[in-house]
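Chemist: Quick one: the structure is below, questions incoming.
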Amino acid sequence: MNNNTTGAQRPQVLLDATETQIEELERQFAEQDKSDWMTLTNSYGWSAADSQAVWNWFAQRPLPASDTGDQANAGGSPR
């Protein structure tokens, strides 16, 4: 998962992020609450530039099928 579909590199700071931190970031980004995002990333010890780079990277990632309402590929049809 080094690149997204636009070819932008995954920010280096994410290499040290834990799974829990990434889940928190995904939730904050989904809520589009930049103030809470900045507070959260500041608590990780990130610079404002790192925080913005990760925000931008999240903005360029494609949404998973489950987030776009595409249930056709989510496990088949019921019988």
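Chemist: Residue under question is residue 66, and the condition is that it be at pLDDT below 95 and either exposed (fewer than 11 other Cβ atoms within 10 Å of the Cβ) or part of a helix (DSSP H, G or I) (or both); does it hold?
Modeler: So residue 66 fits the description; yes.
Chemist: Could I ask something else about it? Considering 38, 1, which residue is modelled with pLDDT of 95 or more and either in a helix (DSSP H, G or I) or exposed (fewer than 10 other Cβ atoms within 10 Å of the Cβ) (or both)? Before the answer, list the steps.
Modeler: Numbers: 1 fails: modelled with pLDDT of 95 or more.
One residue alone meets the criteria, 38.
The values are calculated or read from the model by the stated rules, or taken from the named source; none is laboratory data. Since this is a predicted model, take the numbers as computed values, not measurements. Quick reminder, even Gly has a Cβ in these numbers, built from the backbone with ideal geometry, and neighbours come from all protein chains shown.
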